[in-house]
1. Can you check what the net charge comes to around C54, using other residues whose Cβ is under 13 Å from the Cβ of C54 (Lys, Arg +1; Asp, Glu -1)?
2. Cβ neighbours within 10 Å, averaged per peptide: list 35-46, 82-93 in order, most packed at the top.
3. Using each residue's phi in segment 64-70, evaluate 6.51 cos²θ - 1.76 cosθ + 1.60 at θ = phi - 60° and report the 3J(HN,Hα) Karplus result to the nearest Hz, with x for Gly and Pro.
4. Enumerate the amide H contacts of E59 below 5 Å, restricted to partners 5 or more residues apart or on another chain; note that Pro and chain-start residues carry no placed amide H.
5. Mind listing which chymotrypsin sites (Phe, Trp or Tyr not before Pro) in segment 1-56 are in a DSSP loop and have 16 or fewer other Cβ atoms within 10 Å?
6. Rounded to the nearest 10 Å², what accessible area does I3 show when all protein chains are kept and the probe is 1.4 Å?
7. Local charge sum around A83 (other residues, Cβ-Cβ under 12 Å, Lys/Arg +1, Asp/Glu -1)?
Amino acid sequence: DGIVRFHGFQTDVHPFYEAADCVVLPSYHEGMSNVLLEGAATGRALITSDIPGCREAVEDGVSGYLCPAQDAEGLTQAMRDFAQQSFDRQVQMGQSGRALVERKFDKQLVVAKGLRLSDVSVSGLLSHVHAVGGPPDWALPLHAAQSGRVYDCRDRVDDMLFVPTDKL
């Protein structure tokens with residue numbers, strides 16, 4: 001009926017973001033969502049699930065809307081709320097999202113924060129890696145970040161490591 005059109009694999013997603021009024025990503029679980037970061041960076045409001053990996057990209061009611069995961073009614077209401085906003089308000093939400101991405105996720109800021117590691121934690125981790133041939137059991141590979149614990153990127157040793165914040 002023309003409601004949904006599948007465009008297949010795309011190497012350049014920018015035209016799709018530019019054509020969108022907002023980016024909607026309902027999810028049950030997520031790493032840090034590139035779709036949301038890209039959508040916000042292009043100045044689009046976001047509607048997404050209130051889960052780790054998604055909520056960090058949205059200021060609820062300011063740059064978009066958060067809705068409970070696995071809640072079709074909540075998602076529908078968030079989309080209705082967005083659609084009922086004036087065009088100027090929708091644009092303002094997108095601009096707020098762009099500002100949030102610049103403030104929290106700018107590559108230079110993320111790299112600089114990652115480099116501000118204490119010599120003790122880095123040298124301790126690297127000593128352990130070299131001594132036993134691998135990271136300690138609390139330094140988990142990327143796929144383990146789905147467990148629901150809060151992780152903070154601290155180092156790169158063959159594979160990106162995510163360290164539970166309670167170990168810092």
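The values are calculated or read from the model by the stated rules, or taken from the named source; none is laboratory data. Model, not experiment: these values are computed from the prediction. Note that we place each Cβ from the backbone using ideal geometry, even for glycine, and neighbour counts take in every protein chain shown. Quick note on the areas: whole protein, heavy atoms, side chains included, nothing else; ligands and nucleic acids left out. Shrake-Rupley method; radii C 1.70, N 1.55, O 1.52, S 1.80 Å.
1. Spelling it out: positives minus negatives among the neighbours equals -4.
2. Descending packing order for the listed peptides: 35-46, 82-93.
3. x, 9, 9, 9, x, 5, 6
4. G64
5. The qualifying sites are F6, F9, Y28.
6. Number for this one is 150 Å².
7. That works out to 0.
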